[in-house]
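Student: Dumping the structure here so I can ask a few things about it.
The values are calculated or read from the model by the stated rules, or taken from the named source; none is laboratory data. Keep in mind the model is a prediction, meaning the values are calculated, not measured. Cβ placement follows ideal geometry from the backbone for every residue including glycine, while neighbour counts extend to all protein chains displayed. Note: areas computed on protein heavy atoms with side chains; ligands, DNA, RNA excluded. Shrake-Rupley method; radii C 1.70, N 1.55, O 1.52, S 1.80 Å.
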Amino acid sequence: MKIEVIDLETNKEIIFEVPEGRVEVTSDTLRELGLRRYLEEKSGNYKVEIPEGVKSIGYGVFWGCSSLTTIILPKNVTSIGEAAFFGCC
């Protein structure tokens with residue numbers, strides 16, 4: 001599985017590989033992948049696409065990632081944790 005991140009100004013795509021079998025995206029997952037730091041350090045507008053197979057978005061996952069302006073979730077997501085997108089644009 002992969003999480004796709006697209007810079008909306010340049011259309012540059014970055015792929016972050018998620019270990020198979022993960023059904024929840026957590027803050028720890030983003031830290032392990034380096035995605036959290038990537039979004040925190042970048043300025044601009046980024047779109048994140050969560051892969052099919054993910055069913056849950058954990059507490060505060062994208063908290064403070066102000067460069068995240070668009071997120072695409074698969075239709076099978078059944079829960080989104082509190083403050084998952086707090087501080088996003």
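Student: What is the set of long-range amide H partners of ILE71 at a cut-off below 5 Å, with H atoms built 1.01 Å from backbone N?
Tutor: For ILE71, whose amide H was placed from the backbone, the distant partners under 5 Å are VAL48.
Student: Only Cα pairs under 8 Å and at least 6 apart count here; give the relative contact order of the chain as a rounded whole percent.
Tutor: On the way: 192 pairs, mean separation 25.3, N = 89.
Across the chain, relative contact order equals 28 percent.
Student: Let me ask something else. In region 1-52, what percent of the accessible surface is made up of carbon and sulfur (1.4 Å probe, ligands and nucleic acids excluded)? It would help to have the intermediate numbers written out before the result.
Tutor: Values: 1280 of 3100 Å².
C and S fraction of accessible area: 41 percent.
Student: Further question on the same structure: Computed FRET efficiency, Cβ-Cβ of ILE80 and THR10, R0 22 Å: what is it to the nearest 0.05? Before the final figure, lay out the partial values.
Tutor: On the way: r = 28 Å, r/R0 = 1.30.
My answer for the efficiency is 0.15.
Student: Top to bottom by accessible area (1.4 Å), largest first, where do ILE71, ILE50 land? Before the final figure, lay out each step's value.
Tutor: Working: ILE71 50, ILE50 5 Å².
These residues rank, largest area first, as ILE71, ILE50.
Student: Something else: Testing the spin-label approximation: label points 7 Å from Cα along Cα→Cβ at THR70 and GLU17. State their distance in nm.
Tutor: Output for this residue pair reads 2.7 nm.
Student: Express the accessible area of the chain per residue in Å², computed with a 1.4 Å probe while the remaining protein chains stay in the model.
Tutor: Details: 5030 Å² over 89 residues.
Averaged over the residues of the chain, the accessible area is 56 Å².
Student: For the cross-link pairs LYS47/LYS75; LYS42/LYS75; LYS2/LYS75, which exceed 23 Å when the distance is taken from alpha carbon to alpha carbon? Kindly include the intermediate steps, with their values, before the conclusion.
Tutor: Details: LYS47/LYS75 17 Å; LYS42/LYS75 28 Å; LYS2/LYS75 16 Å.
Correct reply: LYS42/LYS75.
Student: Taking the Cβ of VAL18 as the center, what net charge do the other residues with Cβ under 15 Å away carry, scoring Lys and Arg +1 and Asp and Glu -1? Show your work: numbers first, answer last.
Tutor: Numbers: positive: LYS2, ARG22, ARG31, ARG36, LYS55; negative: GLU4, GLU17, GLU20, GLU24, ASP28, GLU32, GLU49, GLU52.
In short, -3.
Student: Could you sort THR78, THR26 by accessible area so the largest value comes first, with the probe set to 1.4 Å?
Tutor: Details: THR78 120, THR26 40 Å².
Accessible-area ranking of THR78, THR26, largest first: THR78, THR26.
Student: Quote the convex hull volume per residue of the chain, based on C-alpha atoms, as a whole number of Å³. Each step should come with its number before you reach the end.
Tutor: Numbers: hull volume 6.9 nm³, N = 89.
Here the figure is 78 Å³ per residue.
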